[in-house]
Amino acid sequence: MHSRFEIGKIVNTFGIKGEVKILPYTENLEQFKKIKKIYISNKEVKVQSVKYHKNTVILKLEGVDDMTSAENLRGSIIEIERSKEKLPKDTYYIADLVGLEVYTDEGNLLGKLEDIYNTGANDIYTVKTEDGKQILLPSISEVIKEIDIENKKIIVHILKGLI
């Protein structure tokens, strides 16, 4: 399991007082209000303030007090510590699922989970087969039967016509 998660990328400066504009990797921008510290290149940085501008987050970081300092951070990925809170049942961090082996309920290896995309209605699991092909599986209870993080595998049921 990962100890930190990427939550965004610094894409620009904002104003002249050292604020940075973040392209968030989450739809829930309100979670940024709870963040007290972030990590940039494995260095801990305290967050002094959080604002929102359109679909971006504006952070004022301790020690970044002018536009030049902020400009030096452009392109940096920001990370946060994994939450100590337990996730609700059947809820997982994407970072914990990517790389798991995906098996059919008949015991056949399909491949490894490569990525997860949110389509609005449900997530789509992208499985990469051993021969490099991609299989797209909807994250619905009829298809995703079991997620076993400890044993690093996902069990799926392939509906007729799905692949």
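Each residue in the stretch 33-57 was checked for being of a type in the set (Lys, Arg), exposed (fewer than 10 other Cβ atoms within 10 Å of the Cβ) and farther than 23 Å from residue 82 by Cβ, and 1 of them qualify.
For the stretch 76-89, taking the residues that are at pLDDT 80 or above and of a type in the set (Asp, Glu), the one that is surrounded by the most Cβ atoms within 10 Å (Cβ to Cβ) is identified as 79. Residue under question is residue 14, and the condition is that it be farther than 30 Å from residue 146 by Cβ, touching a His at 6+ places or on another chain (Cβ under 9 Å) and buried (at least 17 other Cβ atoms within 10 Å of the Cβ); does it hold? For residue 14, the condition - farther than 30 Å from residue 146 by Cβ, touching a His at 6+ places or on another chain (Cβ under 9 Å) and buried (at least 17 other Cβ atoms within 10 Å of the Cβ) - is met.
Against the list (1) without any contact (Cβ under 8 Å) to a residue 60 or more places away in the chain; (2) surrounded by 15 or more Cβ atoms within 10 Å (Cβ to Cβ); (3) under 21 Å from the mean Cα position of the chain (by Cα), the condition residue 156 fails is (3). When the stretch 17-36 is filtered for residues that are in contact with a strand residue (DSSP E or B) (Cβ under 7 Å, 6 or more places away or on another chain), free of Cβ contacts under 8 Å to residues at least 40 places away in the same chain and in a loop (DSSP other than H, G, I, E, B), the ones remaining, listed by number, are 25, 26, 36.
Inside the stretch 126-153, residues that are surrounded by 13 or more Cβ atoms within 10 Å (Cβ to Cβ) and touching a Ser or Thr at 6+ places or on another chain (Cβ under 7 Å) make up a count of 1. Residues in the stretch 11-23 include at least one that is hydroxyl-bearing (Ser, Thr, Tyr) and not assigned by TED's automatic domain parsing to the domain that holds residue 145.
The values are calculated or read from the model by the stated rules, or taken from the named source; none is laboratory data. Bear in mind the structure is a predicted one, so any value in this text is a computation, not a measurement. All Cβ positions, glycine included, derive from the backbone under ideal geometry; neighbour counts span all protein chains shown.
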